[in-house]
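**Student:** This structure is in structure tokens; I'll ask about it shortly.
The values are calculated or read from the model by the stated rules, or taken from the named source; none is laboratory data. Just so it is clear, the structure is predicted and the values come from calculations on it, not from any experiment. Neighbour counts run over all protein chains shown; Cβ positions are idealised from the backbone, glycine included.
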């Protein structure tokens, strides 16, 4: 067992002590201090996810050979909190500089081959990729958004190659907020999502992955903006319920629970917590981010957030 203290947040909140309890097999850490009782019997799905990652790494070795500098597990298979119901399998690949024109298509082919293999959880594989040059911002290409770059820098778990995380920059808080804001605007402000947020009965019948992401994304984005840290679900919820009260905080707790114990849409209590908490939660998020975006001079994006909020009135 090893013990790691996370850095103090940018706005005075210090994340709790985190104990990383590695499985005997050497897989992903579990055991972060939970807001809810997170099941510890996750070894089988973690192993399944690990096999998918290693299959992808072997294919990457075949495709790129010595151009593959390093491969990393990211996300919940690196820092803990994996859920068999909703978690993605995030893989980071670093290649030598410069990137080739065919690298993007090679990544697409790798994804297609892994998913087509039909292994359990293979359809959840996501690949983030680039080179030291692209991650430093001195070359173009690849796919490594700021939040995922920070995840790699802080928590990336080496699967192959040599560990080069000490050579990576940490994205600025502004980069994290602006990129998160653009992601949220693209994926959470659509007419379809807005209709779900305004209709808790329909929302309760969404699949567990969609539902928990739509509940927890605002919580995670707020955590990152206010602390400068990765928005891991458990820590983000723990922070949120210390600074917010009422229906929004109640919904955040439930959203975390539903990652491990999917809800019953027929349960009237589920609809009630969604009905009372969804819009207040999103208003807290939108008000916070609109203010930050204006302070950063991202006026067009801030205006879009104001219009998004009006759609939820």
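**Student:** Is there a residue in the stretch 201-214 that is part of a helix (DSSP H, G or I), touching a helix residue (DSSP H, G or I) at 6+ places or on another chain (Cβ under 6 Å), closer than 26 Å to residue 92 by Cα and not assigned by TED's automatic domain parsing to the domain that holds residue 279?
**Tutor:** no
**Student:** Return the only residue of 309, 294, 283 being assigned to a helix (DSSP H, G or I), modelled with pLDDT of 95 or more and over 20 Å from residue 193 (Cβ atoms). Outline the logic, then answer.
**Tutor:** Details: 309 fails: over 20 Å from residue 193 (Cβ atoms); 283 fails: over 20 Å from residue 193 (Cβ atoms).
From the options 309, 294, 283, the qualifying one is 294.
**Student:** Right, here's the next one. For the stretch 73-110, enumerate the residues that are part of a helix (DSSP H, G or I), at pLDDT 95 or above and within 24 Å of residue 44 (Cβ to Cβ).
**Tutor:** The initial filter retains those residues of the stretch 73-110 that are part of a helix (DSSP H, G or I), namely 76-79, 103-110.
From the residues that got through so far, the ones that are at pLDDT 95 or above too are 76-78, 103-110.
The answer is 76, 77, 78.
**Student:** With the requirement that a residue be under 20 Å from residue 226 (Cα atoms) and touching a residue at least 60 places away in the same chain (Cβ under 8 Å), what does the stretch 129-151 give you? Show your work before the answer.
**Tutor:** Filtering the stretch 129-151 down to residues under 20 Å from residue 226 (Cα atoms) leaves 145-151.
Correct list: 147, 148, 150, 151.
**Student:** Scan (1) part of a loop (DSSP other than H, G, I, E, B); (2) under 19 Å from residue 58 (Cα atoms); (3) in contact with a helix residue (DSSP H, G or I) (Cβ under 8 Å, 6 or more places away or on another chain) for the single condition residue 118 breaks and write down its number.
**Tutor:** Residue 118 satisfies all of (1) part of a loop (DSSP other than H, G, I, E, B); (2) under 19 Å from residue 58 (Cα atoms); (3) in contact with a helix residue (DSSP H, G or I) (Cβ under 8 Å, 6 or more places away or on another chain) except (3).
**Student:** Here is a list of conditions, (1) assigned to a helix (DSSP H, G or I); (2) farther than 24 Å from residue 206 by Cα; (3) free of Cβ contacts under 8 Å to residues at least 60 places away in the same chain, and residue 254 meets all of them except one; can you say which number that is?
**Tutor:** Here residue 254 meets the rest and fails (2).
**Student:** Return the only residue of 179, 170 being closer than 27 Å to residue 302 by Cα and outside any helix (DSSP H, G or I). Break it down into steps so the answer makes sense when it comes.
**Tutor:** Details: 179 fails: outside any helix (DSSP H, G or I).
On inspection, the qualifying residue turns out to be 170.
**Student:** Does any residue in the stretch 279-306 that is assigned by TED's automatic domain parsing to the domain that holds residue 190 and closer than 15 Å to residue 218 by Cα come within less than 9 Å, Cβ to Cβ, of a residue that is modelled with pLDDT under 95 and assigned to a helix (DSSP H, G or I) six or more places away or on a different chain, and which pairs are these?
**Tutor:** Within 9 Å, the pairs are 279/197; 282/197.
**Student:** Only one residue in 237, 241 is surrounded by fewer than 18 Cβ atoms within 10 Å (Cβ to Cβ), within 30 Å of residue 78 (Cβ to Cβ) and touching a residue at least 12 places away in the same chain (Cβ under 8 Å). Which one? Walk me through how you get there before you give the answer.
**Tutor:** Working: 237 fails: surrounded by fewer than 18 Cβ atoms within 10 Å (Cβ to Cβ).
Only one candidate qualifies: 241.
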